[in-house]
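Below is one structure; the comments refer to it alone.
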Amino acid sequence: MNYVKTGMLLAALTALFGVVGYFIGGATGLVVALLVAGGMNLFSYWNADKLALAAYNAQEVDERTAPEFVELVHQLAHQAGLPMPRVYLIDNPQPNAFATGRNPENAAVAATTGLLRMLTREELAGVMAHELAHVRNRDTLTMTVTATIAGAISTIAQFGFFFGGGHRQNNGLGTIGTILMVILAPLAAMIIQMAVSRSREYEADRHGAEICGDPLWLASALVKIEQGVHHIPNEEAEAHPATAPMFIVNPLSGRAMDNLFSTHPATENRIAALENLARSMGAHPSRDSSFLGGAARAAGPWGGARPRGPWGRGPWG
């Protein structure tokens, strides 16, 4: 099903790319745009993960440079039945994380230093389990490729505004039509991304909770991350808005305009769904302890300790 969804999404984005090309250069522009889109799809399949990690200057870490974080990911990957992914850190104060890669054998997970400083060990386990659920569900291919193509659509639309060819002059729409293209083409690309984002996030929340063993760990983390993105800007994300759907919480949501077309479900709805899942698993959510920014206290496979780590007080405290 994920392969079908990915194929349909890529086809829709490719078609949109062609429409923009036709608007700029007529039939010739259409052919050129489709050829470029086809090459970009192939390039993105193999390289989108590298582009996403490079956009945020993510640095790969291992057992020597970030032992506790890497060991946590290793335990979660084992519980999920996944190969060990590559692990990256992003030097950014905004708490957030994403997964990337074309398949579980070539996956990577990345977290910001702000996330590691803000969350407890249990909350971090919930977040990384969510990202590993994306890997297991093969959502990472969808996220990385669509981010690349959607970003290209925005770029070519802007290029058409400044350097549009003769077709633009003869299509009867003129400058107004070109302005509409610059606005509507990126918007359409974003809507296509949104079409799968919401259900994908709910699914990853549920599967991530199953991987780490307690839905309340992720619910508590989501509260902190949501508060963090509203108060701490992510300039790299602002420069690459097409990558926003990759993150566990929209890194652009601190800006009012971004909330109009959020690529993620409302955080309160995700928390409510996790609370319901916790009840079905026999847990009892407590807003006093987990949902007002306090440390998650649920017992689990890592216990309640918050060990020291390579970030001063430790990545979870």
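I'm trying to understand the selection: among the residues of the range 87-103, which are at pLDDT 95 or above and surrounded by fewer than 19 Cβ atoms within 10 Å (Cβ to Cβ)?
Asp91, Pro93
Only one of these is in contact with a Phe, Trp or Tyr (Cβ under 8 Å, 6 or more places away or on another chain), within 30 Å of His231 (Cα to Cα) and outside any loop (DSSP other than H, G, I, E, B): Ala111, Ala99. Name it.
Result of the check over Ala111, Ala99: Ala111.
Is the range 56-67 home to any residue that is over 19 Å from Thr140 (Cα atoms), touching a Gly at 6+ places or on another chain (Cβ under 8 Å), in contact (Cβ under 8 Å) with a residue 60 or more places away in the chain and crowded, with 23+ Cβ neighbours inside 10 Å?
There is at least one residue in the range 56-67 that is over 19 Å from Thr140 (Cα atoms), touching a Gly at 6+ places or on another chain (Cβ under 8 Å), in contact (Cβ under 8 Å) with a residue 60 or more places away in the chain and crowded, with 23+ Cβ neighbours inside 10 Å.
Look through Ala110, Ala129, Ala125 and report the one residue that is closer than 23 Å to Ala242 by Cβ, buried (at least 24 other Cβ atoms within 10 Å of the Cβ) and small (Gly, Ala, Ser).
Checking each option against the conditions leaves just Ala110.
State all residues of the range 114-129 that are farther than 13 Å from Leu82 by Cβ and not in a loop (DSSP other than H, G, I, E, B); if no residue qualifies, say none.
So the first thing to find is which residues in the range 114-129 are farther than 13 Å from Leu82 by Cβ, and the list is 114-127.
Listed by number, the residues that qualify are Gly114, Leu115, Leu116, Arg117, Met118, Arg121, Glu122, Glu123, Leu124, Ala125, Gly126, Val127.
In the range 245-282, which residues are assigned to a helix (DSSP H, G or I), more than 11 Å from Glu201 (Cβ to Cβ) and modelled with pLDDT under 85?
Across the range 245-282, the qualifying residues are Ala256, Met257, Asp258, Asn259, Leu260.
Quick check: is even one residue across the range 66-79 within 16 Å of the chain's Cα centre (by Cα), in a loop (DSSP other than H, G, I, E, B), on the phi < 0 side of the Ramachandran plot and at pLDDT 95 or above?
Looking for residues that are within 16 Å of the chain's Cα centre (by Cα), in a loop (DSSP other than H, G, I, E, B), on the phi < 0 side of the Ramachandran plot and at pLDDT 95 or above, one finds none in the range 66-79, hence no.
The values are calculated or read from the model by the stated rules, or taken from the named source; none is laboratory data. Remember, predicted model here, so these are calculated numbers, not experimental data. Quick reminder, even Gly has a Cβ in these numbers, built from the backbone with ideal geometry, and neighbours come from all protein chains shown.
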